[in-house]
Amino acid sequence: MEKLSNIGLQKEDSRHVAEKLNELLANYHLYYQNLRGFHWNIKGIHFFQLHDKFEELYGSALSRIDAIAERILTIGQQPLHTFSDYMRLSSIKEAANLSGDKETVSATHQNLSILLDLEREILKLAAETGDEGTVSLISEDIHENEKTLWMLNAFLS
């Protein structure tokens, strides 16, 4: 039995990385859906700014969802693709009926914190297994999410 994948990574290592990437994929789907709801339902004095910001964030999340799924395929594994799997695996929960500025930004902050914690776990695992492609993908995502978290903190302070 061949121990190396088509791209030269240990198959067993890739399986472990893919499990964590699928967990990230699930969380990103819930994050994305929450942002869509916030975009549609935001009310109040900050409507125009937050309506646009939530659209920007969910557009970015959608791109990341695709990149994560493609990375899972690249390392020879199967990305999850059902919402029931996402709901089962995600630490991020649905944020229903939120429409105020502070509550939607606070929920987004909380969701991003969950994503960052998971990304840091994946970064460490991928580095330990020599999976530079995943390291690169996740490093870039961490950088962007940290910047967004900083901005959300500024809004909430």
*asked:* Condition first: of a type in the set (A, V, I, L, M, F, W, C) and under 21 Å from LYS93 (Cβ atoms). Now tell me which residues in the stretch 112-151 satisfy that.
replied: LEU112, ILE114, LEU115, LEU116, LEU118, ILE122, LEU149
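Every residue, every condition in (1) in contact (Cβ under 8 Å) with a residue 12 or more places away in the chain; (2) within 25 Å of LYS102 (Cα to Cα), yes or no:
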| position | (1), (2) |
| --- | --- |
| ALA18 | yes, no |
| ASN22 | yes, no |
| ASN34 | yes, yes |
| ILE45 | yes, yes |
| ASP52 | no, yes |
| GLU55 | yes, yes |
| LEU62 | yes, yes |
| ALA67 | yes, no |
| THR74 | yes, no |
_If the requirement is being touching a Leu at 6+ places or on another chain (Cβ under 9 Å), at pLDDT 95 or above and surrounded by fewer than 17 Cβ atoms within 10 Å (Cβ to Cβ), which of these qualifies: GLU23, GLU19, GLU94?_
GLU94
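Conditions (1) more than 17 Å from the chain's Cα centre (by Cα); (2) closer than 21 Å to LEU35 by Cα; (3) among the charged types (D, E, K, R), marked per residue:
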site	(1), (2), (3)
LEU50	yes, yes, no
ILE68	no, yes, no
GLU103	yes, yes, yes
ALA107	no, yes, no
LEU116	no, yes, no
LEU125	no, no, no
THR129	yes, no, no
SER139	no, no, no
_Matching residues in the stretch 102-133 - criterion: being buried (at least 19 other Cβ atoms within 10 Å of the Cβ) and acidic (Asp, Glu)_ = GLU119, ASP131
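Go through the stretch 127-141 and give me each residue that's part of a helix (DSSP H, G or I), of a type in the set (S, T, N, Q) and touching a residue at least 40 places away in the same chain (Cβ under 8 Å).
Of the residues in the stretch 127-141, the ones part of a helix (DSSP H, G or I) are 127-128, 132-141.
Imposing the further condition that a residue be of a type in the set (S, T, N, Q) reduces the set to 134, 136, 139.
Within the stretch 127-141, just THR134 meets the criteria.
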*Within the stretch 5-21, track down each residue that is in contact with a Gly (Cβ under 7 Å, 6 or more places away or on another chain) and either on the phi > 0 side of the Ramachandran plot or part of a helix (DSSP H, G or I) (or both).*
LYS11, SER14
*Hits in the stretch 31-48 (condition: surrounded by fewer than 23 Cβ atoms within 10 Å (Cβ to Cβ) and either at pLDDT below 95 or assigned to a helix (DSSP H, G or I) (or both))*: TYR32, GLN33, ARG36, GLY37, HIS39, TRP40, ASN41, PHE47, PHE48
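So if I check each of ALA95, ALA107, which one is small (Gly, Ala, Ser), outside any helix (DSSP H, G or I) and more than 18 Å from SER139 (Cα to Cα)? Quick ask: steps written out before the conclusion?
On the way: ALA107 fails: outside any helix (DSSP H, G or I).
None of the other options fit; the residue is ALA95.
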*Taking GLU146 as the residue in question, decide whether it is surrounded by fewer than 20 Cβ atoms within 10 Å (Cβ to Cβ) and either without any contact (Cβ under 8 Å) to a residue 40 or more places away in the chain or among the aliphatic types (A, V, I, L, M) (or both).*
yes
*Would the stretch 43-52 turn up any residue that is touching a helix residue (DSSP H, G or I) at 6+ places or on another chain (Cβ under 8 Å), under 20 Å from LEU89 (Cβ atoms) and not hydrophobic (A, V, I, L, M, F, W, C)?*
no
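If I ask for residues that are of a type in the set (Asp, Glu) and either over 22 Å from PHE38 (Cα atoms) or within 15 Å of the chain's Cα centre (by Cα) (or both), which ones from the stretch 74-101 would you list? First the steps, then the outcome.
So the first thing to find is which residues in the stretch 74-101 are of a type in the set (Asp, Glu), and the list is 85, 94, 101.
Scanning the stretch 74-101 gives ASP85, GLU94.
The values are calculated or read from the model by the stated rules, or taken from the named source; none is laboratory data. What you are looking at is a predicted structure, and each value in this text was computed from that prediction instead of being measured. Because the Cβ atoms are built from the backbone with ideal geometry, glycine has one as well, and the counts that use them run over all protein chains shown.
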